[in-house]
1. Could you grab the pairs with beta carbons closer than 7 Å, sequence gap of 6+ or different chains, first residue in the stretch 282-297 and part of a helix (DSSP H, G or I), second one buried (at least 17 other Cβ atoms within 10 Å of the Cβ) and among the hydroxyl-bearing types (Ser, Thr, Tyr)?
2. For the stretch 322-367, how many residues are polar (S, T, N, Q) and within 25 Å of Asp235 (Cα to Cα)?
3. Among the helices (runs of 4 or more DSSP H) confined wholly to the stretch 358-411, which include 2 or more residues that are crowded, with 22+ Cβ neighbours inside 10 Å, of a type in the set (Gly, Ala, Ser) and at pLDDT below 75?
4. So, in the stretch 127-162, of the ones that are touching a helix residue (DSSP H, G or I) at 6+ places or on another chain (Cβ under 7 Å), assigned to a loop (DSSP other than H, G, I, E, B) and among the hydrophobic types (A, V, I, L, M, F, W, C), which residue ends up nearest to Ala345 (Cα to Cα)?
5. Of all residues in the stretch 216-226, which are at pLDDT 75 or above, surrounded by fewer than 21 Cβ atoms within 10 Å (Cβ to Cβ) and not polar (S, T, N, Q)?
6. Test each condition in (1) among the small types (Gly, Ala, Ser); (2) at pLDDT 80 or above; (3) touching a Ser or Thr at 6+ places or on another chain (Cβ under 8 Å) for Ala112 and report the one that comes out false.
7. Scan the stretch 309-332 residue by residue and report those that are of a type in the set (Phe, Trp, Tyr) and under 18 Å from Tyr247 (Cα atoms).
Amino acid sequence: MFNIRVGLKGCCRCDERTRLRDREKEGQSLLGYVNAAAGLVLALTAPFLGAIADKSGRRKPWVMATTAVMIVGASMLWLIVPDGEGSRIIPGLALLLVIGVAFSVSEMFHNAMLPSIAPISKVGVISGTAFALGNVGGLLLMFLVLFAFALPDVPLFGIDQATHEHDRIVGPIAGVWMLVFTLPLLLFTPDGKSSGIPMWSAAKQGVRDVMSTLRQLKHYSNIGIYLLARMFFIDGMVGVMIFGGVYASGTFGWDTTTLLVFGLCTSASAMFGAYVGGRLDDKVGSIRALQIAITVSSVVLLALVSVEADKVLYVVSVSTQPLWAFPYFQTTAEFFYFCTNQVFAMFFVTGLSSSRTLMARICPPQMATQFFGLFALSGTVTAFLAPLLVATTTAYFQSQRIGFGSLALLMVIGAGLLLNVREEQATVAS
């Protein structure tokens, strides 16, 4: 009888693990489809919005509008309450879609301001420092959530962990943070002068300019090759950051607090990588810095997907016994995954920073926003391909490893195309 009870308990635990892994696979697929949809929306709008902004002359109003959308969307995430039946999934995914689109459009206008406020010889370190400071902000926010809401037995403000309020509070906190730190940009940085062209006229001229630019691709072939390369490598790298925690959760069963600690450490590594990467960019050039970042990121991804609960590097068996009493990353495989991901974070942000500075170095300053619109497109047109690739390969092979690892293909293609790019500034076609 005792053996039967033990056997039944073992089967129950096995069934629970199976259900957990099925949910993680479904979650990875759903997240992939959301990012795919966001990429499709941006593919249809980003270049045109950039060209319109170039015609109107000002970028701050666009930054203000898109940030407002993100603030409202992030705050509304508080309303998404888990109910165990999935009826809240669709509204939550819809909010993530809106926030994702608004973020990418806002980023486009932020990036387009860089050439006009920074000397070309310093764009690398300025871009890298900006990414580093952004990660400092993320680090501070995660510390706040961890120590004020996730870890305490009695969380701040009477937060109820039983209804996941310690998870849901992240959205409103992010909204307040965006509001506070967007104000200095709006109040104290220079903006372009208004052209005085009515919005509807600017829209029509902007659409014509995009079509004209596309017809003159031969003149802008160097930029075109770069954008094509970036379309692949940056989305592969972003995909690793998006799905890295999902893969770890499915492989190791990490809970929210563990993932939060993981995110804290990853942000700290990214902060360091952004600053060092910015200096590397100014020293060796944007293309060389990008090549280093992509190569290392590809190798690290292969190392990440080599990890299982009892194995690393595909064939090396490791113990599943705890290494220490510290409640996080206890096993050898978990610690290996954790450390490997920190390396990826450093080179990932180097890649983000250098990709932006390379665009600032090679695009005509008079057409900065239009080209940064195409730049945003190059980072989002495969923002539906890469998540879709992860979603479909995960679902088809029923394997998070294969789905996650498929992102390496995008980075390899992008790195190959980058070999044909020259670091020289284009002129406006006559």
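1. Here the result reads Ser286/Ser354; Ser286/Thr357; Ala289/Thr350; Ala289/Ser354; Leu290/Ser354; Leu290/Ser355; Ala293/Thr350; Ala293/Ser354, each pair linking the stretch 282-297 to a residue that is buried (at least 17 other Cβ atoms within 10 Å of the Cβ) and among the hydroxyl-bearing types (Ser, Thr, Tyr).
2. Residues that pass the stated criteria total 8.
3. Values: elements: 368-378, 385-397, 400-405.
Helices (runs of 4 or more DSSP H) meeting the threshold: 368-378.
4. Leu151
5. Answer for the stretch 216-226, where residues must be at pLDDT 75 or above, surrounded by fewer than 21 Cβ atoms within 10 Å (Cβ to Cβ) and not polar (S, T, N, Q): Lys218, His219, Gly224, Ile225.
6. Result: Ala112 fails condition (2) only.
7. Filtering the stretch 309-332 down to residues of a type in the set (Phe, Trp, Tyr) leaves 314, 324, 326, 328-329.
Listed by number, the residues that qualify are Tyr314, Tyr328, Phe329.
This table checks each residue for (1) closer than 20 Å to Ile234 by Cβ; (2) surrounded by 22 or more Cβ atoms within 10 Å (Cβ to Cβ); (3) at pLDDT below 65.
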{"position": "Glu16", "(1), (2), (3)": "no, no, yes"}
{"position": "Asp22", "(1), (2), (3)": "no, no, yes"}
{"position": "Gly32", "(1), (2), (3)": "yes, yes, no"}
{"position": "Arg59", "(1), (2), (3)": "no, yes, no"}
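The values are calculated or read from the model by the stated rules, or taken from the named source; none is laboratory data. Bear in mind that the values here come from a model prediction, so they are computed numbers and not experimental data. Every residue, glycine as well, gets a Cβ built from its backbone with ideal geometry; the counts of neighbours run over all protein chains shown.
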